[in-house]
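The values are calculated or read from the model by the stated rules, or taken from the named source; none is laboratory data. On a predicted model such as this, the values are computed, not experimentally measured, just so you know. With ideal geometry, Cβ positions are generated from the backbone for all residues, glycine too; neighbour counts draw on all protein chains shown. Note: accessible area is taken over every heavy atom of the protein model, side chains too, but ligands, DNA and RNA are not part of it. Shrake-Rupley method; radii C 1.70, N 1.55, O 1.52, S 1.80 Å.
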Amino acid sequence: MTPGALAAPGVGADVSAAPAGSASAEPTEQSEPTEQSGQSGQDSAAAVLPITPPRLSSEALVGYPEGASGGAEVLLELVVAASGEVRDAQVVTGAEPFASAALAAARGWRFEPARRGEQPVAARIRFQVVFHEPEPEAAPASAEPGAPGVSAAGPAPPPIEVTVTGQRPPAHAHTFSRAEVRQLPGAFGDPFRAIESLPGVTPILSGVPFFYVRGAPPGNVGYFLDGIRLPLLYHVGLGPSVVHPALVSRVELYPGAYPTRYGRFAGAVVAAEVNEPGEQTWGEWQLRLFDVGALAEAPFADGRGHVLLGGRYSYTAYLLSLLSEEDVRLEYWDYQLRASYSLTAAHTLGLFVFGSFDYFGEDTPATDDELFSSEFHRIDLRHRYRPSDGSELTTALTLGLDRTRVAEDTGSALNRRVQLRSEYRRSLSSSLELRAGLDGSLDYYTIEAQLDGEVGEVEPPVLDPSADPRPPSAALPREQDEESEDERRFRVLFPTRVDHVAGLFGELGWQAQRGLRVTGGLRSDVYASGGALAFSLEPRLSAELQVSERLTLKHALGLAAQPPSFVVPVAGFEIGGLPGGLQRSLQSSAGAEYQLPEGMKLSLTLFQNAFFNMTDVLSLARVQDEDDLEPDARTRGQAYGLELMFHRDLSRKLGGFVAYTLSRSVRSSGIGRVPASFDRTHVLNTALGYDLGRNWRVGGHFMYYTGNPSFANALGLDPEGPGGRLPAYHRLDVRIEKRWPLGTSGGFAALVLEWLNATLSKEVVSRDCGGGSCEDEAIGPITIPSLAFEGRL
């Protein structure tokens with residue numbers, strides 16, 4: 001794919017495809033997203049060389065799968081190399097066994113490559129294959145591209161229309177499509193849950209939705225959905241993600257040196273892209289042991305507008321009441337509403353409303369004892385302007401509300417956010433693409449805490465300007481001198497306040513000759529909180545060199561910064577006042593990717609990250625008494641290692657991956673240099689899926705990681721002795737699926753049995769040493785069995 005390269009609708013190739021058996025496949029076009037050609041902005045368009053999309057030059061033969069029945073639609077995403085070969089193919093949507101049949105056939109197709117002007121370029125296209133169940137008396141047929149052609153299902157289909165669209169994935173990003181994640185055991189079809197299986201990711205605890213990424217703690221990892229920041233990814237109690245999975249087309253993990261359009265995180269970024277509106281009415285449903293969910297979308301006004309509605313609700317509270325003598329309540333729900341309307345070919349308005357709620361507590365005859373509740377809501381208003389092929393301006397206003405309550409009447413945090421962002425993309429020439437924008441936000445934090453038995457709003461501490469800028473307890477107002485140490489820390493960390501932040505970013509991508517692409521960017525942010533100001537300047541650079549048709553070298557280098565962060569992401573809780581200044585990091589990586597035969601891919605990456613002024617309380621607590629830890633305690637850190645990924649798309653008949661990380665993460669402070677709290681030397685994830693035929697599919701996912709350093713090891717005991725690392729952990733997840741085709745448009749119903757930690761493995765989380773011996777403390781097993789009835793129409 002060439003960044004920002006576009007082709008006007010109507011440019012295509014005549015194709016008629018017939019199977020090797022007795023059914024026909026009709027290739028048609030679906031683009032992601034569909035770009036509209038405009039008549040305005042002729043001066044701008046003249047500066048952009050014309051784009052010719054790929055044209056199919058070989059036979060498109062797709063056999064009807066043996067043992068299958070009914071019709072189906074499979075949407076493929078193909079990477080057509082400058083040589084015309086299909087370098088990569090993935091299933092975007094489609095049921096088995098049709099998906100594997102289409103995928104296997106597509107890898108052998110040949111194209112006339114896309115061209116920017118007269119220069120052949122690689123392109124990423126979407127290609128739809130439509131299967132029709134063969135008639136008993138049907139005979140095989142085939143057709144050459146451009147010939148009239150007659151297939152067993154009737155006349156030849158109309159010409160396909162392929163558009164070179166979308167944005168080039170960064171060279172150093174890890175990506176999973178929703179179609180593949182659906183087959184990953186233990187992910188429950190949820191793209192966000194697949195993150196823990198990627199290289200560079202170190203879980204805090206098996207199944208718990210918080211993780212370190214290349215040494216960066218959970219509070220330094222940012223979450224985004226379609227450019228909108230999320231406070232958290234998952235529901236409470238090992239629940240699913242806070243967004244219905246059918247809305248998400250793919251999830252990308254940027255483990256370092258992420259694109260400049262994202263910012264304000266010194267670690268990694270997890271970014272989810274939503275599906276573009278479809279041209280037909282469709283829907284999905286899911287009924288599981290612990291929740292029920294559905295999502296549907298339909299066009300209106302002759303396709304100029306689209307509306308989508310979805311959500312999930314958990315009835316876990318009812319199940320717990322049946323299984324437990326305790327009156328425990330655990331529940332969650334989420335919702336999504338999206339609408340868009342094209343005013344003209346160049347102007348589109350959009351509305352995206354979504355939110356999530358979680359609750360955990362106890363029901364007693366007298367009262368509802370709330371132990372924890374969390375919620376967030378977003379309203380995103382968006383205008384997209386496309387004056388010409390190759391340029392786009394998107395402006396969005398987002399209103400948000402985040403709230404968390406901890407232990408009834410003990411404390412709560414509320415954040416009301418207003419954010420404005422604008423982004424401009426333009427192809428300046430056949431080899432240059434510009435991306436630039438700005439964004440800013442106002443955050444209104446209201447913190448309440450129970451002090452001396454009474455609930456009141458937490459006001460910012462009154463500090464002496466001539467004193468040390470760090471907020472010691474003596475700097476608090478006189479009437480607060482008698483408060484407890486925990487109350488003092490809470491007051492300093494989370495005051496009621498208004499925070500401001502504004503940023504600018506720019507990025508220039510250069511496609512040089514002979515397969516070299518370089519992207520350089522710069523981001524700058526200004527922060528204001530509690531009377532304090534901070535400034536960041538963050539250059540980033542990435543390069544991708546295609547040495548051959550199969551071998552590509554990838555490099556990335558960049559700076560990142562963010563304000564002080566809480567231990568883990570919690571809605572509404574953000575450290576205020578910029579105590580100690582910004583956290584900063586220097587991130588670098590170098591690697592290679594090799595395309596193997598049969599759709600297999602092998603990648604190797606070396607990385608090294610340096611962290612400065614870091615707030616990693618989890619690591620500092622291992623070597624310092626909690627009573628001595630100040631709220632603004634900082635440390636330096638370093639992480640380095642190797643990541644290995646062997647991958648074949650899980651949606652294929654036989655697919656899977658091996659993801660391995662060998663790393664070391666350390667922290668340095670006044671007490672010396674020690675391993676980070678969750679420094680796990682080895683992390684291994686393997687997955688395998690196989691289509692048994694007759695719409696049966698099975699799969700397994702194995703996870704293994706070494707134990708983190710114990711507290712005793714941090715205090716100077718022999719790392720190989722009784723106070724060394726905790727024992728390693730492993731688990732096995734399994735998945736079994738049976739599908740039944742519905743209709744002729746790829747619909748299906750399925751029964752899915754899935755089990756996270758089917759081995760019922762327990763995990764050692766701490767070690768208590770004394771008197772010459774040590775005792776390990778284990779929890780679990782943390783396990784989630786699930787039986788689901790789901791489908792798509």
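Determine which single condition Arg264 fails, assuming it passes every other condition in (1) under 25 Å from Glu574 (Cβ atoms); (2) of a type in the set (D, E, K, R); (3) part of a strand (DSSP E or B).
(3)
Would you point out the residue of segment 299-312, among those that are surrounded by 15 or more Cβ atoms within 10 Å (Cβ to Cβ) and of a type outside the set (Gly, Ala, Ser), that is farthest from Gly743 (Cα to Cα)? Working first, answer last.
Pass one, segment 299-312, residues surrounded by 15 or more Cβ atoms within 10 Å (Cβ to Cβ): 299, 305-312.
From what is left, the residues that are of a type outside the set (Gly, Ala, Ser) are 299, 306-309, 312.
Details: Pro299: 20, His306: 23, Val307: 23, Leu308: 22, Leu309: 22, Arg312: 25 Å.
Top of the filtered list is Arg312.
Which of the numbered conditions does Asp302 fail, given that it passes all the others? Conditions: (1) acidic (Asp, Glu); (2) without any contact (Cβ under 8 Å) to a residue 60 or more places away in the chain; (3) assigned to a strand (DSSP E or B).
With respect to (1) acidic (Asp, Glu); (2) without any contact (Cβ under 8 Å) to a residue 60 or more places away in the chain; (3) assigned to a strand (DSSP E or B), Asp302 is out only on (3).
Which members of segment 89-103 meet the condition of being open to solvent by 20 Å² or more (accessible area, probe 1.4 Å) and either within 19 Å of Gln595 (Cβ to Cβ) or without any contact (Cβ under 8 Å) to a residue 60 or more places away in the chain (or both)?
Gln90, Ala101 - these are the residues of segment 89-103 that are open to solvent by 20 Å² or more (accessible area, probe 1.4 Å) and either within 19 Å of Gln595 (Cβ to Cβ) or without any contact (Cβ under 8 Å) to a residue 60 or more places away in the chain (or both).
Could you grab the pairs with beta carbons closer than 8 Å, sequence gap of 6+ or different chains, first residue in segment 756-779 and at pLDDT below 90 and open to solvent by less than 80 Å² (accessible area, probe 1.4 Å), second one charged (D, E, K, R) and in a loop (DSSP other than H, G, I, E, B)?
Qualifying pairs under 8 Å: Ala778/Lys762; Ile779/Lys762.
Kindly evaluate Arg107 against the criterion of being among the basic types (Lys, Arg) and either at pLDDT 80 or above or surrounded by fewer than 20 Cβ atoms within 10 Å (Cβ to Cβ) (or both). Walk me through how you get there before you give the answer.
Values: among the basic types (Lys, Arg): yes; either at pLDDT 80 or above or surrounded by fewer than 20 Cβ atoms within 10 Å (Cβ to Cβ) (or both): yes.
For Arg107, the condition - among the basic types (Lys, Arg) and either at pLDDT 80 or above or surrounded by fewer than 20 Cβ atoms within 10 Å (Cβ to Cβ) (or both) - is met.
Within segment 273-285, track down each residue that is more than 17 Å from the chain's Cα centre (by Cα) and open to solvent by 30 Å² or more (accessible area, probe 1.4 Å).
Going residue by residue through segment 273-285, those that are more than 17 Å from the chain's Cα centre (by Cα) are 277-285.
Matches in segment 273-285: Pro277, Glu279, Gln280, Thr281, Trp282, Trp285.
Say we look at segment 627-655 and pick out the residues that are open to solvent by less than 20 Å² (accessible area, probe 1.4 Å) and farther than 29 Å from Phe612 by Cα; which of these is modelled with the highest pLDDT?
Gly655
Name the residues in segment 54-80 that are in a loop (DSSP other than H, G, I, E, B) and modelled with pLDDT of 80 or more, would you?
Pass one, segment 54-80, residues in a loop (DSSP other than H, G, I, E, B): 54, 57-71.
Scanning segment 54-80 gives a single hit, Pro54.
Select from segment 232-251 the residues that are open to solvent by 10 Å² or more (accessible area, probe 1.4 Å), outside any strand (DSSP E or B) and either free of Cβ contacts under 8 Å to residues at least 60 places away in the same chain or closer than 30 Å to Gln608 by Cα (or both) and list them in ascending order.
Across segment 232-251, the qualifying residue is only Leu232.
Can Tyr254 be described as open to solvent by less than 10 Å² (accessible area, probe 1.4 Å) and in contact with a His (Cβ under 8 Å, 6 or more places away or on another chain)?
Numbers: open to solvent by less than 10 Å² (accessible area, probe 1.4 Å): yes; in contact with a His (Cβ under 8 Å, 6 or more places away or on another chain): yes.
So Tyr254 passes the test.
Please determine whether any residue of segment 661-679 is open to solvent by 40 Å² or more (accessible area, probe 1.4 Å) and either under 30 Å from Ser100 (Cα atoms) or in contact with an Asp or Glu (Cβ under 6 Å, 6 or more places away or on another chain) (or both). First the steps, then the outcome.
Here is the first cut: in segment 661-679, the ones open to solvent by 40 Å² or more (accessible area, probe 1.4 Å) are 662, 664, 670-671, 673.
Now narrow it down to the ones that are either under 30 Å from Ser100 (Cα atoms) or in contact with an Asp or Glu (Cβ under 6 Å, 6 or more places away or on another chain) (or both): none.
No.
Provide a single number: the residues in segment 571-594 that are open to solvent by 30 Å² or more (accessible area, probe 1.4 Å), in a loop (DSSP other than H, G, I, E, B) and hydrophobic (A, V, I, L, M, F, W, C). First the steps, then the outcome.
Step one: list which residues in segment 571-594 are open to solvent by 30 Å² or more (accessible area, probe 1.4 Å), which gives 574, 580, 584, 586, 588, 590, 592-594.
The next check asks that each one be in a loop (DSSP other than H, G, I, E, B); those that pass are 574, 580.
Among the residues that remain, those that are also hydrophobic (A, V, I, L, M, F, W, C) are: none.
Qualifying residue count, segment 571-594: 0.
Looking for whichever is closer than 30 Å to Thr706 by Cα and without any contact (Cβ under 8 Å) to a residue 24 or more places away in the chain here; the options are Phe211, Phe188, Phe265. Which one fits? Give the derivation first.
Numbers: Phe188 fails: without any contact (Cβ under 8 Å) to a residue 24 or more places away in the chain; Phe265 fails: without any contact (Cβ under 8 Å) to a residue 24 or more places away in the chain.
That would be Phe211, the only listed residue that is closer than 30 Å to Thr706 by Cα and without any contact (Cβ under 8 Å) to a residue 24 or more places away in the chain.
Among the listed residues Ala339, Ala296, which satisfies the condition of being open to solvent by 40 Å² or more (accessible area, probe 1.4 Å) and either in a strand (DSSP E or B) or at pLDDT 95 or above (or both)?
Values: Ala339 fails: open to solvent by 40 Å² or more (accessible area, probe 1.4 Å).
Exactly one of Ala339, Ala296 is open to solvent by 40 Å² or more (accessible area, probe 1.4 Å) and either in a strand (DSSP E or B) or at pLDDT 95 or above (or both), namely Ala296.
Test Ile228 against the criterion of being surrounded by fewer than 22 Cβ atoms within 10 Å (Cβ to Cβ), within 30 Å of Thr316 (Cα to Cα), under 16 Å from the mean Cα position of the chain (by Cα) and touching a residue at least 12 places away in the same chain (Cβ under 8 Å), and give yes or no.
Values: surrounded by fewer than 22 Cβ atoms within 10 Å (Cβ to Cβ): yes; within 30 Å of Thr316 (Cα to Cα): yes; under 16 Å from the mean Cα position of the chain (by Cα): yes; touching a residue at least 12 places away in the same chain (Cβ under 8 Å): yes.
When the stated conditions are applied, Ile228 passes them.
Return the only residue of Val208, Val181, Val221, Val270 being modelled with pLDDT under 90 and surrounded by 24 or more Cβ atoms within 10 Å (Cβ to Cβ).
Details: Val208 fails: surrounded by 24 or more Cβ atoms within 10 Å (Cβ to Cβ); Val221 fails: modelled with pLDDT under 90; Val270 fails: modelled with pLDDT under 90.
Being modelled with pLDDT under 90 and surrounded by 24 or more Cβ atoms within 10 Å (Cβ to Cβ) holds for just one of Val208, Val181, Val221, Val270, which is Val181.
Quick check on my filter: what residues within segment 403-438 are buried (at least 19 other Cβ atoms within 10 Å of the Cβ), at pLDDT 95 or above and not basic (Lys, Arg)?
Answer for segment 403-438, where residues must be buried (at least 19 other Cβ atoms within 10 Å of the Cβ), at pLDDT 95 or above and not basic (Lys, Arg): Gln419, Gly437.
For the structure I just gave you, tell me whether Phe789 is under 20 Å from Gly239 (Cβ atoms) and of a type outside the set (Ser, Thr, Tyr). Break it down into steps so the answer makes sense when it comes.
Details: under 20 Å from Gly239 (Cβ atoms): yes; of a type outside the set (Ser, Thr, Tyr): yes.
The answer is yes for Phe789.
To keep it simple, each residue is scored yes or no on (1) among the polar types (S, T, N, Q); (2) farther than 30 Å from Arg523 by Cα.
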{"site": "Leu247", "(1), (2)": "no, no"}
{"site": "Arg264", "(1), (2)": "no, no"}
{"site": "Glu279", "(1), (2)": "no, yes"}
{"site": "Gln286", "(1), (2)": "yes, yes"}
{"site": "Ala296", "(1), (2)": "no, yes"}
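If you scan segment 187-207, which residues turn out to be assigned to a loop (DSSP other than H, G, I, E, B), touching a helix residue (DSSP H, G or I) at 6+ places or on another chain (Cβ under 9 Å) and within 25 Å of Phe354 (Cβ to Cβ)? Reasoning before the result, please.
Filtering segment 187-207 for residues assigned to a loop (DSSP other than H, G, I, E, B) gives 187-190, 198-200, 204-207.
So of that shortlist, the ones also touching a helix residue (DSSP H, G or I) at 6+ places or on another chain (Cβ under 9 Å) come out as 187-190, 204, 206-207.
Ala187, Phe188, Gly189, Asp190, Gly207 - these are the residues of segment 187-207 that are assigned to a loop (DSSP other than H, G, I, E, B), touching a helix residue (DSSP H, G or I) at 6+ places or on another chain (Cβ under 9 Å) and within 25 Å of Phe354 (Cβ to Cβ).
Specify the residue that is nearest to Phe748 (Cα to Cα); the eligible residues are those in segment 58-75 that are open to solvent by less than 10 Å² (accessible area, probe 1.4 Å) and out of contact with any Gly (no Cβ under 8 Å at 6 or more places or on another chain).
Filtering segment 58-75 for residues that are open to solvent by less than 10 Å² (accessible area, probe 1.4 Å) and out of contact with any Gly (no Cβ under 8 Å at 6 or more places or on another chain), the one nearest to Phe748 (Cα to Cα) comes out as Val62.
Would you point out which residue out of Ala788, Ala749 is assigned to a strand (DSSP E or B), touching a Phe, Trp or Tyr at 6+ places or on another chain (Cβ under 6 Å), modelled with pLDDT of 90 or more and not basic (Lys, Arg)? Walk me through it before giving the result.
Numbers: Ala788 fails: touching a Phe, Trp or Tyr at 6+ places or on another chain (Cβ under 6 Å).
The match here is Ala749.
Just checking, how many residues over segment 388-399 are part of a strand (DSSP E or B) and touching a residue at least 40 places away in the same chain (Cβ under 8 Å)? First the steps, then the outcome.
Our first condition is that a residue be part of a strand (DSSP E or B); within segment 388-399, this holds for 388, 391-399.
Right, trim to touching a residue at least 40 places away in the same chain (Cβ under 8 Å) and you get 388, 391, 396, 398.
Qualifying residue count for the region: 4.
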